[in-house]
Amino acid sequence: MKIDIDKIPALLALLGAADTGDVKANASHDLAGSYVIVRSRDSGVHAGTLVSVDGRTVVLESARRLWYWVAAKEHTLSAVSLHGLGEGCKIASAVERIDVLDACEVIAATSAARTSIEGYASHDPR
């Protein structure tokens, strides 16, 4: 079988693959516009409104970093997405937009969790 190397980029584009060979997720993710919690490998946990997902890059708006989190009930990040935050958390102020690289989890959050996270006082170490 003969392969025309010049046609590989066009073929990859048709298949929805990036130049690196990674398959891209649809930028119009089914949770786009929803409030979500994202766990990444290097930058920790973030909560905000999902703009897009492209491979392992997740774009959030009005996002807060959950630097140190405690779930209101149970003891998992999934519980935070359901019930919100407990006492003793360290949460950063909201940023307009963040591109979270190397995301490994996107969790839909309930309205109760969103209210809890958005209403939580920002951590001030001083």
The condition from (1) part of a strand (DSSP E or B); (2) in contact (Cβ under 8 Å) with a residue 40 or more places away in the chain; (3) surrounded by fewer than 20 Cβ atoms within 10 Å (Cβ to Cβ) that Glu118 misses is numbered (1)
Of the residues in region 26-63, those that are more than 16 Å from Ala113 (Cα to Cα) and in a strand (DSSP E or B) number 10
Taking region 94-115 and keeping only residues that are of a type in the set (Gly, Ala, Ser) and surrounded by fewer than 16 Cβ atoms within 10 Å (Cβ to Cβ), one is left with Ala108, Ser111, Ala112
Being over 12 Å from Tyr35 (Cβ atoms) and modelled with pLDDT of 95 or more is the requirement here; does Arg64 meet it?
no
Looking only at region 74-93, filter to residues that are in contact with a helix residue (DSSP H, G or I) (Cβ under 8 Å, 6 or more places away or on another chain) and surrounded by 14 or more Cβ atoms within 10 Å (Cβ to Cβ); which one of those is nearest to Val36 (Cα to Cα)?
Ser81
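The values are calculated or read from the model by the stated rules, or taken from the named source; none is laboratory data. Bear in mind that the values here come from a model prediction, so they are computed numbers and not experimental data. Counting neighbours? That spans all protein chains shown, and the Cβs are built from the backbone with ideal geometry, glycine included.
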